[in-house]
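Taking it in order: structure first as structure tokens, then the write-up.
The values are calculated or read from the model by the stated rules, or taken from the named source; none is laboratory data. The structure presented is a predicted model; accordingly, all values stated were derived computationally and were not measured. Cβ placement follows ideal geometry from the backbone for every residue including glycine, while neighbour counts extend to all protein chains displayed.
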Amino acid sequence: MSPHAARRTLTVLTTGLTAGAVVLGVLAAVPASAREQGRYSTKTPTSTGYGGAVTSVDPEATRAGMRVLKAGGNAVDAAVATAAALGVTEPYSAGIGGGGYFLYYDAKTRKVSSLDGRETAPKRMPDDAFIDPATGEPYPFTPDLVTSGVSVGTPGTLATWEAATRRWGTRSLAQNLAPAEKLARRGFVVDRTFRQQTADNEARFRQFPATARQYLPGGELPRVGSVFRNRDLAATYRLIQRRGIGAFYGGKVAREIARAVQDPPTVRDPSLPVPPGYLTTRDLADYRVALQKPSRMKYRGYSVYGMAPSSSGGSTVGEALNILERYDVGELSRTQALHLYLEASALAFADRAEYVGDPAYVRVPLRDLLSNRFAAERACGIDPAQAATKPVEPGDVRDYDGRCSTPGAREAGPTSDTENVDTTNLTVADRWGNVVEYTLTIEQTGGSGITVPGRGFLLNNELTDFSTVYDPADPNRIQPGKRPRSSMSPTIVLRGGKPFLALGSPGGSTIITTVLQMLVNRIDLGMSLPRAIAAPRAAQRNTATVTAEPAFIDRYDAGLSALGHDLVPAGDAFTSAAEIGAATAIEFGPRGKLTVVSEPSRRGGGSALVLRKRR
Ligand code: GLU
């Protein structure tokens, strides 16, 4: 992931002016500090108030959602509008070429529901799809698998917007797409982060004429301060507004998507192989969002709702919380509390690897993974004085009684982690008390790199979330039609049946640790919500080392390394940013008070707005 400052965009752009003239106008209108950073919208990382709220990584997207709330739409309408705007301003993180998970609390019924809008593997995808037929060897992960047709799953995002709007919204999908359509048409002002993300992708974007045309306008990286328009995406949104999502999942657009996957339109540069994929128009026609029961567990009197599989979010966050509940975390020293947090997370990740996949294809023992007795037995693996050697073994869901016994000889499951760290997250509440927590993605920054020619959006490379080495015993092995295991963890916490907290984050498998850490920070360590989000992060995903932000290392390394934790700075081959996650959250206080939070600095800071400052 490259750092993602939100695209600070301009609200009022006069389309008749040239880009240069517009920019001059903008520069005169914005504060010098914002101008210097290429930011053109006011950033408000935290707001408190009443009557409804939207928080996302991007000011323009947050504003799109606010506009819908103001016009009388509910949280679902506003969430769809925000997500559609993120498809414009965060096109490398999310959009209609991808998928995601939508969690919804309905104030009237007091019920939490979820939509699984994850991408699916094409029906014709063979289990050896990740083996190069030319060599008989697995494709290298980068660049071959990452920039390929073979990793493109059937997109679920648009079907998710449609299903959410139809079920729970109060306006039409066409109305909810309107602010984003306008934004794509009018454009937004490029900041340094957008330019940097494009630069990170430049070499592979150049391989795809349609991608280069859209994202390297005039053959160049977009200039900071210039206006970036996506007329093709605006036209695609208009088409969907007029004809519904059938115009995407069928007809000409579907044919174009299938063609782009099966025969990626490249300049045929041999340095970038771009293996073709299997997606057909049939896959698109058959795509269905799954309305499913969310995962649910109790933590210190709160009810924690999350995504059930195909995401591993709900089960892994929930299991780790169950393990932590054995301890009085709030009474411990910070080092001890963090030690437990890291150890509980490693144990839950071991079980994630062993047991979690798409439940339509493999039996996932969700009830066991979220049982207190199972957690009690897993907690036996924690030594308060010493970090366990990683990877730790998974537990046995067929044989547990909640008591500590000599550990069996189960082998540790796979721990290699190829999930990238991009994606985006948003949280919305409305005046009626409905809440949406939504995480969506096209997988890595820039997805597969393939833009559907003339349509303005990038296709995902989500199928890289399948285990890349095929093993028939692996719940996350490739199977045709299956959803690859996700880590996305939109979470809604209720107290006494009413919302207390809604939160989520991007970050590949660090999504799970980020959500877990924020919950521990808020519930156990008594931090305010803004502090719980800003606090430095660390992720233990059952690996030998703990990935941590520099501030976390500065603060806690001495204590934690004495217990045997090996902290290494965050950042990977795809990113120079030593950050973990980019969260958004809302806390629900007494008498309708909302505390609405986004990141103060990660990804350049987000935007959290309320409808009214006062009651
Ligand atoms: N593909 C990841 C998942 O589903 C999300 C991508 C990311 O956050 O980087 O968990």
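Things to note:
- Where helices (runs of 4 or more DSSP H) fall wholly inside region 210-278, the ranges with 3 or more residues that are small (Gly, Ala, Ser) are 251-262.
- Evaluating residue 514 against the criteria (1) under 30 Å from residue 137 (Cα atoms); (2) crowded, with 22+ Cβ neighbours inside 10 Å; (3) among the polar types (S, T, N, Q) leaves one unmet condition, (1).
- Count of residues meeting criterion [part of a loop (DSSP other than H, G, I, E, B), away from the ligand (no atom under 16 Å from the Cβ) and more than 20 Å from residue 564 (Cα to Cα)] in region 507-553: 5
- Condition broken by residue 498, with the remaining ones in (1) within 16 Å of the ligand (Cβ to nearest atom); (2) under 21 Å from residue 296 (Cα atoms); (3) of a type in the set (D, E, K, R) satisfied: (1)
- The set of residues in region 299-317 that are over 16 Å from residue 502 (Cβ atoms) and either more than 25 Å from the chain's Cα centre (by Cα) or in a helix (DSSP H, G or I) (or both) comprises 300, 301, 315, 316.
- Residue in region 592-609 that is in contact with a Ser or Thr (Cβ under 8 Å, 6 or more places away or on another chain) and without any contact (Cβ under 8 Å) to a residue 60 or more places away in the chain present: no
- Whenever a residue of region 422-437 is within 16 Å of residue 160 (Cβ to Cβ) and more than 16 Å from the ligand (Cβ to nearest atom), its partners that are outside any strand (DSSP E or B) and at pLDDT 95 or above, lying with C-beta atoms within less than 7 angstrom and at least six residues away or across chains, give the pairs 428/65; 428/75; 428/78; 428/79; 428/82; 436/75; 436/76; 436/79.
- Considering only residues in region 578-615 that are of a type in the set (Ser, Thr, Tyr) and in a strand (DSSP E or B), the one that is farthest from residue 61 (Cα to Cα) turns out to be 595.
- In the set 335, 389, 406, only one residue is surrounded by fewer than 24 Cβ atoms within 10 Å (Cβ to Cβ), assigned to a loop (DSSP other than H, G, I, E, B), at pLDDT 95 or above and among the polar types (S, T, N, Q); that residue is 389.
- Check on residue 78, surrounded by 24 or more Cβ atoms within 10 Å (Cβ to Cβ) and at pLDDT below 90: no
- Candidates in region 269-323 are the residues that are in contact with an Asp or Glu (Cβ under 9 Å, 6 or more places away or on another chain) and polar (S, T, N, Q); of these, the one that is nearest to the ligand (Cβ to nearest atom) is 311.
- For region 151-209, the tally of residues that are of a type in the set (S, T, N, Q) and part of a loop (DSSP other than H, G, I, E, B) stands at 4.
- Residue in region 84-93 that is among the small types (Gly, Ala, Ser), farther than 27 Å from residue 260 by Cα and out of contact with any strand residue (DSSP E or B) (no Cβ under 6 Å at 6 or more places or on another chain) present: no
- Of residues in region 34-63 being over 14 Å from residue 606 (Cβ atoms) and at pLDDT 95 or above, the one surrounded by the most Cβ atoms within 10 Å (Cβ to Cβ): 52
- Of all residues in region 421-436, those satisfying the criterion of being in a strand (DSSP E or B) and under 21 Å from residue 590 (Cβ atoms) are 427, 428, 429, 430, 435.
- Selection over region 471-493 of residues that are more than 15 Å from the ligand (Cβ to nearest atom) and in a strand (DSSP E or B) gives a count of 2.
- Residue match in region 119-141 (condition: touching a Ser or Thr at 6+ places or on another chain (Cβ under 8 Å), touching a residue at least 12 places away in the same chain (Cβ under 8 Å), in a helix (DSSP H, G or I) and under 30 Å from residue 512 (Cβ atoms)): yes
- Test: residue in region 518-530 that is over 20 Å from residue 296 (Cβ atoms), in contact (Cβ under 8 Å) with a residue 12 or more places away in the chain and among the hydrophobic types (A, V, I, L, M, F, W, C): yes
Rundown of residues vs (1) over 24 Å from residue 281 (Cα atoms); (2) touching a residue at least 40 places away in the same chain (Cβ under 8 Å), yes/no style:
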{"site": "223", "(1), (2)": "yes, no"}
{"site": "226", "(1), (2)": "yes, yes"}
{"site": "231", "(1), (2)": "yes, yes"}
{"site": "247", "(1), (2)": "no, no"}
{"site": "269", "(1), (2)": "yes, yes"}
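- Residue match in region 342-353 (condition: within 26 Å of residue 289 (Cβ to Cβ), surrounded by 24 or more Cβ atoms within 10 Å (Cβ to Cβ) and touching a helix residue (DSSP H, G or I) at 6+ places or on another chain (Cβ under 8 Å)): yes
- Hits in region 461-474 - residues which are farther than 19 Å from residue 510 by Cα and either crowded, with 24+ Cβ neighbours inside 10 Å or of a type in the set (A, V, I, L, M) (or both): 469, 473
- Subset tally (residues that are surrounded by 14 or more Cβ atoms within 10 Å (Cβ to Cβ) and at negative phi) for region 392-403: 7
- Test: residue 253 is touching a Phe, Trp or Tyr at 6+ places or on another chain (Cβ under 8 Å) and not hydroxyl-bearing (Ser, Thr, Tyr): no
- Any hit, region 443-458, residues being more than 30 Å from residue 235 (Cβ to Cβ), more than 16 Å from the ligand (Cβ to nearest atom) and at pLDDT 95 or above: no
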